[in-house]
Amino acid sequence: MIAYIEDIAGSEGQLVTIRGWLHNRRSSGKIHFLTVRDGSGFMQCVMSKQAVGDELFTPADHLTQESAVIVHGTVRADSRAPGGYELDVTGLEIVSEAQNYPITPKEHGVDFLMDRRHLWIRAPRQQAILRIRHEVIDAVRDYFNSRRFILADAPIFTPAACEGTTTLFPVQYFEDNIAFLTQSGQLYNEANAMALGRVYCFGPTFRAEKSKTRRHLTEFWMVEPEVAYATIDDVMHLAEGLVVSVVARVLEKRQQELKILERDQSKLARVQGPFPRISYDDAVETLKKKGLVFEWGGDFGAPDETALSEEHDQPIFVHGFPSAIKAFYMKPHPGRPEVSLSVDLLAPEGYGEIIGGGQRVDDLELLVQRIKAHDLPQEAFEWYLDLRRFGSVPHGGFGMGIERVVTWICGIDHLREAIPYPRMIYRMYP
Ligand code: 4AD
Ligand code: MG
């Protein structure tokens, strides 16, 4: 019977076949301890000379790391084994031998590993992170689908900027045109929300960020809900529910992975809401009190975000940013136009912004004015202006960066490990 390691519990005493790769081998004369991985997990397979005979035992003497193997054996419960089970080997087939696998159990530098990212993802920690990423994405989809949001995806080739012209990637679009890789699906989401009410899009987004930080990728995945008739309070409520449910889901389903990552789970368990809601004005006062140099009107840098979030053990909302530092579509606060109905969610433990969103300008004249003030080409936005011409309503939404969330939940240092193949200013390989 072909089995996957993750399903092995319950197969005690049965003869099974595991198809995978050799992760590690220790030998002590008459016994080989083979750690085999099959993509679903790792398992120790015990091969004794006595049980399999010389003709099987000897070829395994020099079996190298990452050689492909098919192992047959009997499942035995062993409380000392990481998954609770071991395999007593009865047969071994060598499918292909790996020569000099470059990533050995010794320490390697990050550049060395990044150059071999296509192999590095086989390592237990990297697998754990990618499984948690999968769980996060699955939980996000469940959250919106179970609330009857409609998934309506936005295009990746776009004619204009959404999040500012300085971080656009141009692409030659046939002979005569230039397209830009999307920075956010939001503008299309707004149209979709006017058609379908509650929508979300989920896809890759691109920012030509020159910043070389551990929080910035040039290609990242963003989930963006948008809701007709939503206020900024509704937006915060939706974002809070999403984050609480994603964290709970990972805690419930990915214990083993969190353990491999040595994540302090008590910190995640506190993420239950309600999340504190702090105005930008109050946040500025807090920063000043803490001795940071910060003037009203500025945008938060990573140290500011850390200083604000260290007061709390839950994520915190900061709302009401100055209009001048936010995107053209942010609705001004009624009666206080220098402030916008915008909101960011900052993760705890210094992980910084994971969500950005707010309420959108729903007035046609103001939106035209904004497009001009931001030096954006109005022709490219005529379709977007139509949404204010034909049944404009208050509405809002947000974007959540998947890699930022995965990095925080995994408790790792850098976004580059939160995506299979990171794209950064100095990295496009492999
Ligand atoms: O705050 P941002 O720029 O907001 C928007 O794009 C809105 N149009 C979203 C919306 O309202 N529909 O980006 C949203 C989130 C950030 O909070 C962050 O999590 C992530 O996207 N993000 C990045 N993640 C990785 N690398 C980058 N360079 C990122 N830039 C933003
Ligand atoms: Mg933002």
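The values are calculated or read from the model by the stated rules, or taken from the named source; none is laboratory data. Please read these numbers as outputs of a predicted model, since none were measured by experiment. Backbone-built Cβ (ideal geometry, glycine too); neighbour counts: all protein chains shown. These accessible areas exclude ligands, DNA and RNA; they are computed on the full protein's heavy atoms, side chains included. Shrake-Rupley method; radii C 1.70, N 1.55, O 1.52, S 1.80 Å.
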*Do we find that ARG215 is touching a strand residue (DSSP E or B) at 6+ places or on another chain (Cβ under 9 Å) and within 16 Å of ligand 2 (Cβ to nearest atom) in this structure?*
yes
*Condition test on ASP344, is it among the acidic types (Asp, Glu) and out of contact with any Phe, Trp or Tyr (no Cβ under 8 Å at 6 or more places or on another chain)?*
no
*Among the candidates LEU187, LEU196, LEU181, LEU168, single out the residue that is within 11 Å of ligand 1 (Cβ to nearest atom), out of contact with any Pro (no Cβ under 7 Å at 6 or more places or on another chain), at pLDDT 95 or above and of a type in the set (A, V, I, L, M).*
LEU187
*asked:* Against the condition of a type outside the set (Phe, Trp, Tyr), open to solvent by less than 50 Å² (accessible area, probe 1.4 Å) and within 16 Å of ligand 2 (Cβ to nearest atom), how does ILE371 come out, does it pass?
replied: no
*Please enumerate the residues belonging to the range 26-65 that are open to solvent by 40 Å² or more (accessible area, probe 1.4 Å), of a type outside the set (D, E, K, R) and part of a strand (DSSP E or B).*
SER27, SER28, ILE31, PHE33, PHE42, GLN44
*In the set GLU379, GLU417, GLU403, which member is among the charged types (D, E, K, R) and within 16 Å of ligand 2 (Cβ to nearest atom)?*
GLU403
*Show the residue pairs that are 6+ apart or on different chains and have beta-carbon atoms under 6 Å apart, the first residue being within the range 210-231 and more than 8 Å from ligand 1 (Cβ to nearest atom), the second being part of a strand (DSSP E or B) and open to solvent by 60 Å² or more (accessible area, probe 1.4 Å).*
VAL227/ARG198
*Taking LEU366, is it within 15 Å of ligand 1 (Cβ to nearest atom), more than 14 Å from GLY164 (Cβ to Cβ) and at pLDDT 95 or above?*
no
_Going by what's in this entry, would VAL405 be described as of a type in the set (A, V, I, L, M, F, W, C), closer than 20 Å to TYR143 by Cα and out of contact with any Ser or Thr (no Cβ under 8 Å at 6 or more places or on another chain)?_
yes
*Considering PRO332, PRO394, PRO348, which residue is within 19 Å of ALA230 (Cα to Cα), surrounded by 14 or more Cβ atoms within 10 Å (Cβ to Cβ), within 30 Å of the chain's Cα centre (by Cα) and more than 15 Å from ligand 2 (Cβ to nearest atom)?*
PRO394
*Filtering the range 120-164 down to residues that are surrounded by 15 or more Cβ atoms within 10 Å (Cβ to Cβ) and among the hydroxyl-bearing types (Ser, Thr, Tyr), which residue is nearest to the chain's Cα centre (by Cα)?*
TYR143
*Check the range 384-401 and report whether any residue there is touching a His at 6+ places or on another chain (Cβ under 7 Å) and either within 14 Å of ligand 1 (Cβ to nearest atom) or over 30 Å from ALA195 (Cα atoms) (or both).*
no
